[in-house]
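A quick write-up on the structure given underneath.
The values are calculated or read from the model by the stated rules, or taken from the named source; none is laboratory data. Note that the structure is a prediction, hence the values are computed from the model and not measured. No Cβ is skipped: glycine too gets one built from the backbone with ideal geometry, and neighbour counts run over all protein chains shown. Please note that ligands, DNA and RNA were not included when accessible areas were found on the heavy atoms of the full protein model with its side chains. Shrake-Rupley method; radii C 1.70, N 1.55, O 1.52, S 1.80 Å.
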Amino acid sequence: MIKVITYGTFDLFHEGHYRLLKRAKALGDYLIVGVTTEAYDIARGKLNVIDDLMVRIENVRSTGFADEIIIEETSGQKFSDIKKYNIDIFTVGSDWTGGFDYLKDYCKVVYLERTKNISSTMLRETNKPIQRIGIIGTGRIADRFVPEARLVSGVSTQGAYNPNTESAVRFAAKWEIEAYKGLEDFFSAIDVVYIASPHETHYEYIKASLAHGKHVLCEKPMALKKAQAEEVFREAKERGLILLEEIKTAYCPGFNKLLGIACSGSIGSIRNVEACFTKLEKPGTREMTNQVYGGSFTELGSYVMLPVLKIFGTAYQDLRFDSIHGENGLDLFTKVSFVYPAGIATATCGLGVKSDGRLLIAGTKGYIIAEAPWWKTTYFEVHYEEANRVDRYSEIFLGDGLRYEISNFLYMINKSNKDNFKLTRGESVAMAGIMEKFLDQEGRSGQ
Ligand code: CTP
């Protein structure tokens, strides 16, 4: 019996896939098809897949050509599959010609001619129009956003708006996009909005964007008052629009893997979470001088609250803030202590005090530790009572990591999926509520 194997994502199943599978089956007697997992596609930089794994598997199955379907979850798996399944022929389309010659030592490698003028990429672009992004605010974060957005297919950065026209023009020239002098012109030229303006302006810009029928991705902290967060989410829901808070950690693959393991029971019941993030800031910056909205907690609090709320939820029983203040009264270092029915947590951040910057999650059977920069999680360890037993996990984190949230945002738009489990509306609202309590306690309630 001649055994053949082939692999693919098989997103938006099309004629090219069908013809490939048919010819692959004809090469032998038994065909195994490997379908990539979402995590593997993300790891290899393919961020735009629309169909979920089970849909892609079902589409392959329904052709009737596959005798067996397996999932492909890591690079290097092809080699071991060839051994494991005793494969005679490995085959893929001719777009890969030469790419798998290294397998020739183990089996025959056949490149089948690719079907012309059809691909998942093409279908994604024709079925789903490119979303033109407009950026509000043209500072440092926006500078990081543009190159990341260029790596996500299905979006294009159209232009930028800043009430300071000079800044918008400079930014637009740098990235070769349009600069808009007025908000009306801006909204009429774009499909979705990315808000990267100062914290206190988010609420008004979100409202304006939603009123113009635009989906919104907004930088953290999305809102500084609970009622404002609730209002804009309600508004988005009523209009059938997506509103998503940008906290890059929430969307990155490593952090999601860490949460999965933390909540799997392997460290028992979780009783304590400690999250810390410090980043020393120069004295003259906006973060260190804005008397109402500056300081450590408004700047970094979203990152450190995230693991606490993801693990223990939003129904804390007690909350306490302790801060170290600078001469101008802004918090240089803030520790938030949470008490929950089942555990306790601290979220610590600093712009003027340096600390360890680690994430610790302690349970009744063991603990997880992720060192700084855990907010861009690439590695973490699970420790147990037996000191020599350590499970080690690593995960990819590409570039500045904004590509993960942009592709998540696009996925939600294309799927018309208004619920985002990676950062829920409830979690964003809770964060806004905690920010509000903090600013109240500091005596700087603002607008
Ligand atoms: N394939 C083919 N002819 C096409 C498209 C794909 O023969 N027109 C083959 C590929 O060479 C591969 C298999 O189908 O062996 C699965 O390819 P996949 O990457 O899932 O499909 P693409 O349409 O190429 O996807 P994308 O545009 O996302 O790269």
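Key figures
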item	result
Hey, E385 open to solvent by 10 Å² or more (accessible area, probe 1.4 Å), over 27 Å from T74 (Cα atoms), free of Cβ contacts under 8 Å to residues at least 24 places away in the same chain and touching a strand residue (DSSP E or B) at 6+ places or on another chain (Cβ under 9 Å) or not	yes
Any hit, the stretch 15-28, residues being within 13 Å of the ligand (Cβ to nearest atom) and farther than 26 Å from N117 by Cβ	no
Restricting the stretch 43-86 to residues that are of a type in the set (G, A, S) and at pLDDT 95 or above, the residue that is farthest from the ligand (Cβ to nearest atom)	S80
Total residues in the stretch 77-99, condition in a loop (DSSP other than H, G, I, E, B) and open to solvent by 60 Å² or more (accessible area, probe 1.4 Å)	3
Cross-chain or 6+ apart pairs with Cβ under 6 Å, the stretch 44-60 first and basic (K, R), then crowded, with 18+ Cβ neighbours inside 10 Å	R56/F10; R56/V35
Answer residue from the stretch 101-126, given it is within 7 Å of the ligand (Cβ to nearest atom) and of a type in the set (S, T, Y) and is farthest from K25 (Cα to Cα) among those	T121
The lone exception for I130 - which of (1) open to solvent by less than 40 Å² (accessible area, probe 1.4 Å); (2) in contact with a strand residue (DSSP E or B) (Cβ under 6 Å, 6 or more places away or on another chain); (3) within 16 Å of the ligand (Cβ to nearest atom) it fails	(1)
Selection count where residues are crowded, with 24+ Cβ neighbours inside 10 Å and more than 9 Å from the ligand (Cβ to nearest atom), scope the stretch 3-14	2
Residue match in the stretch 30-39 (condition: within 7 Å of the ligand (Cβ to nearest atom) and in contact with a strand residue (DSSP E or B) (Cβ under 9 Å, 6 or more places away or on another chain))	no
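A quick yes/no check of all residues on (1) buried (at least 16 other Cβ atoms within 10 Å of the Cβ); (2) in a helix (DSSP H, G or I):
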| position | (1), (2) |
| --- | --- |
| S156 | no, no |
| A160 | yes, no |
| E166 | no, yes |
| F171 | yes, yes |
| F186 | yes, yes |
| Y194 | yes, no |
| Y205 | yes, yes |
| A208 | yes, yes |
| C218 | yes, no |
